[in-house]
1. Tell me which residues, restricted to segment 49-71, are touching a strand residue (DSSP E or B) at 6+ places or on another chain (Cβ under 9 Å), free of Cβ contacts under 8 Å to residues at least 60 places away in the same chain and either open to solvent by less than 100 Å² (accessible area, probe 1.4 Å) or in a loop (DSSP other than H, G, I, E, B) (or both).
2. Somewhere in segment 72-86, is a residue in contact (Cβ under 8 Å) with a residue 60 or more places away in the chain and of a type outside the set (S, T, N, Q)?
3. Within the bounds of segment 92-101, is there any residue that is under 20 Å from the mean Cα position of the chain (by Cα), under 30 Å from Ala141 (Cα atoms) and either open to solvent by 40 Å² or more (accessible area, probe 1.4 Å) or at pLDDT below 90 (or both)?
4. Out of all the residues in segment 76-88, which are at pLDDT 85 or above and either touching a helix residue (DSSP H, G or I) at 6+ places or on another chain (Cβ under 9 Å) or aliphatic (A, V, I, L, M) (or both)?
5. Looking at segment 144-156 only, could you name the residues that are more than 13 Å from the chain's Cα centre (by Cα) and open to solvent by less than 40 Å² (accessible area, probe 1.4 Å)?
6. Any idea which residue in segment 104-138 is farthest from Gly150 (Cα to Cα), counting only those that are in a loop (DSSP other than H, G, I, E, B) and among the hydroxyl-bearing types (Ser, Thr, Tyr)?
7. Take the residues of segment 1-17 that are touching a Phe, Trp or Tyr at 6+ places or on another chain (Cβ under 8 Å) and farther than 10 Å from Val67 by Cβ: which is surrounded by the fewest Cβ atoms within 10 Å (Cβ to Cβ)?
8. Checking the structure you have, find out if any residue of segment 146-164 is touching a residue at least 12 places away in the same chain (Cβ under 8 Å) and out of contact with any helix residue (DSSP H, G or I) (no Cβ under 9 Å at 6 or more places or on another chain).
Amino acid sequence: PATQSVRSIKGLKGTEVAIDGVIYDIADFVHPGGEVVKFFGGNDVTVQYKMIHPHHTAKHLEKMKAVGKVNDYKPEYKFDTEFEREIKAEVFKIVRRGREFGTTGFFFRAFVYISLFFFLQYTFATSTNLNSTQGILLAIAFGVSGATIGLNVQHDANHGAASKKPWVNDLLGFGADLIG
């Protein structure tokens, strides 16, 4: 459109992102993964976009409102190289198409990690006669249980990889708040 502006990356507003040198206004964009996409406002998100949405085409970008072009855009990486295709082929040997989201095993582990966390928290809060060794061991176990939530459940959820349903990812992503 004729109303598009040409600006530098530093001139992006907080509700704008740049992808491949095109500026998009995401203020009113409803992202299927939730509002987390708005945290990227004011930045060139080409790399993040292509990593998270490797199969998207220009047609997908039409869902966002293009408002300009970046005059100083320089790609940080080369995409669709022979190396990238080889790595993807190896990954898809392990992660089958259509199974990119949390499996039954993932949700079972998430339940176990979260249950363990609350059990240890309850034990710590209600134990009145622990000696120092027991207290230290309980504190270590509590820390490890928090780490398993952070490194497994919360991490995958905040990347939108736990579920196709944004509210499930949001709920499990609260693990970061839960573990501090």
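1. Filtering segment 49-71 down to residues touching a strand residue (DSSP E or B) at 6+ places or on another chain (Cβ under 9 Å) leaves 49-50, 61, 64-71.
With the extra rule that they be free of Cβ contacts under 8 Å to residues at least 60 places away in the same chain, the set shrinks to 49-50, 61, 64-65.
Listed by number, the residues that qualify are Tyr49, Lys50, Leu61, Met64.
2. Restricting attention to segment 72-86, the residues satisfying the condition of being in contact (Cβ under 8 Å) with a residue 60 or more places away in the chain are 72-73.
Now drop any that are not of a type outside the set (S, T, N, Q), which leaves 72-73.
Looking for residues that are in contact (Cβ under 8 Å) with a residue 60 or more places away in the chain and of a type outside the set (S, T, N, Q), one finds at least one in segment 72-86, hence yes.
3. yes
4. Answer for segment 76-88, where residues must be at pLDDT 85 or above and either touching a helix residue (DSSP H, G or I) at 6+ places or on another chain (Cβ under 9 Å) or aliphatic (A, V, I, L, M) (or both): just Ile87.
5. Taking segment 144-156 and keeping what is more than 13 Å from the chain's Cα centre (by Cα), we get 144-149.
If the condition is that a residue be more than 13 Å from the chain's Cα centre (by Cα) and open to solvent by less than 40 Å² (accessible area, probe 1.4 Å), then Ser145, Gly146, Thr148, Ile149 are the ones that fit.
6. Start the filter on segment 104-138 by keeping residues that are in a loop (DSSP other than H, G, I, E, B), which leaves 127-131.
Pick out the ones that are also among the hydroxyl-bearing types (Ser, Thr, Tyr) and you get 127-128.
Working: Ser127: 25, Thr128: 28 Å.
Top of the filtered list is Thr128.
7. To start, the set of residues in segment 1-17 that are touching a Phe, Trp or Tyr at 6+ places or on another chain (Cβ under 8 Å) comprises 9, 16-17.
Checking which are farther than 10 Å from Val67 by Cβ leaves us with 9, 17.
Details: Ile9: 16, Val17: 25.
The extreme case among them is Ile9.
8. Looking for residues that are touching a residue at least 12 places away in the same chain (Cβ under 8 Å) and out of contact with any helix residue (DSSP H, G or I) (no Cβ under 9 Å at 6 or more places or on another chain), one finds at least one in segment 146-164, hence yes.
The values are calculated or read from the model by the stated rules, or taken from the named source; none is laboratory data. The model shown is predicted, which means the values in this text are computed figures rather than measured ones. Positions of Cβ are generated from backbone atoms using ideal geometry, with glycine treated the same way; all protein chains shown enter the neighbour counts. Side chains included, ligands, DNA and RNA excluded: accessible areas come from the protein's heavy atoms. Shrake-Rupley method; radii C 1.70, N 1.55, O 1.52, S 1.80 Å.
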